[in-house]
1. Quick one: accessible surface of Phe187, probe radius 1.4 Å, all protein chains present, in square angstrom to the nearest 10.
2. Using Cα centres only, tell me the gap between the stretch 204-277 and the stretch 66-106 in whole Å.
3. May I ask which residue of Leu178, Pro4, Ala38 lies farthest towards the positive end of the charge dipole of the stretch 3-271, with charges of +1 (Lys, Arg) and -1 (Asp, Glu) on Cβ and the Cα centre as origin?
4. Please list 3J(HN,Hα) in residue order for the stretch 61-76, calculated via the Karplus relation 6.51 cos²θ - 1.76 cosθ + 1.60 where θ = phi - 60°; whole Hz, with x for glycine and proline.
5. Ignoring ligands, DNA and RNA, how do Asp146, Asp124, Asp230 rank by accessible area with a 1.4 Å probe, largest first?
6. Could you work out the longest stretch of the chain that avoids the trypsin sites (Lys or Arg not before Pro) located in DSSP loops with at most 15 other Cβ atoms within 10 Å?
7. Nearest 0.05, what FRET efficiency do Asp73 and Lys18 give at R0 = 35 Å with Cβ-Cβ as r?
8. Taking H placed 1.01 Å from N in the peptide plane, check which residues at least 5 places from Glu143 or on another chain put their amide H under 5 Å from its amide H.
Amino acid sequence: MTIPAIITVAITGAVPSKADNPAVPISPAEQIASTEAAFRAGASLVHVHVRDDAGRSSSDPARFAEVQAGIRDRCPGMIIQFSTGGRGRAQNERARPLDLKPDMASLATGSVNFAAQIYENHPDLVAAMAATMRDLAIKPEIEVFDLAMLYATQSLIDRGLVVPPPHVQFVLGIPNALPARRRLLEFAVAELADLMSGATWTAAGIGRHQLEVARWALELGGHVRTGLEDNLKYDRSRLAASNAELVEQVAAVCPDYNRHPATPGEARAILGLPPAS
Ligand code: ZN
């Protein structure tokens, strides 16, 4: 018996463009097709940003609705997670797509420096978005870009804003934020287990760290994230051909750690989500 590993595919993100990698899906039709291929390759959770017609990051609920409908139709049971991330989006619009009741939504619980900007998440905004997710029965994926965000999660639980047990993602390898160091991940995972019993976790390695961090997470009992949002290249020599190719890459190493790509049903059970309707 191998142990299921949820593979998240982060298909688009807020930043990458077709100039960076022509495989980055930008239009809703491209996003749906790219997600379907990744689903067939073993992804059971999709992390969704949308873009406007000029390719800029957007909070437009109509775009989110179109992508959500297409993925529901083409990828039965797949967990759909909307980004509420701030890059390129007005702060007061980041929560608007939550009215569409995705299965999950990302929730950064603090602010942090990135390479050339401040990723700003005011405590009031964090609390308001958490409350909206709670009230709409949307499970947050807590995004930990800095260790303080882990402890802030405990505070949200204590205040009744996040329903335990949480699902946490550790993001490693963004310049100025947490580096991709295995000892750091091991510490963070131990702290999570100590503070929040029953919590589940994923790790995402950014850029060239993607596969290495996925291997650590598989070995340490966590779940994994891949996709063109985080990394544009297959290896040092070439660009990734698709999101599906990156999913295949991580699916192929699962057996090294006695893991297998979780089915949508397994992923929903692990995260405490209801079966797909
Ligand atoms: Zn994202």
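1. Answer for Phe187: close to 100 Å² accessible.
2. 20 Å
3. Ala38
4. x, 5, 5, 4, 5, 5, 5, 4, 5, x, 5, 4, 6, 9, 10, x
5. Ranking Asp146, Asp124, Asp230 by accessible area, largest first, yields Asp124, Asp146, Asp230.
6. In short, 88-158.
7. 0.90
8. Under 5 Å from the amide H of Glu143: Leu107, Ala108, Thr109, Gln169.
The values are calculated or read from the model by the stated rules, or taken from the named source; none is laboratory data. Predicted model, so just to flag it, every value in this text is computed and none were measured. All Cβ positions, even for glycine, are placed from backbone atoms using ideal geometry, and neighbour counts span all protein chains on display. Side chains are part of the model used for accessible areas, which takes the heavy atoms of the whole protein and leaves out ligands, DNA and RNA. Shrake-Rupley method; radii C 1.70, N 1.55, O 1.52, S 1.80 Å.
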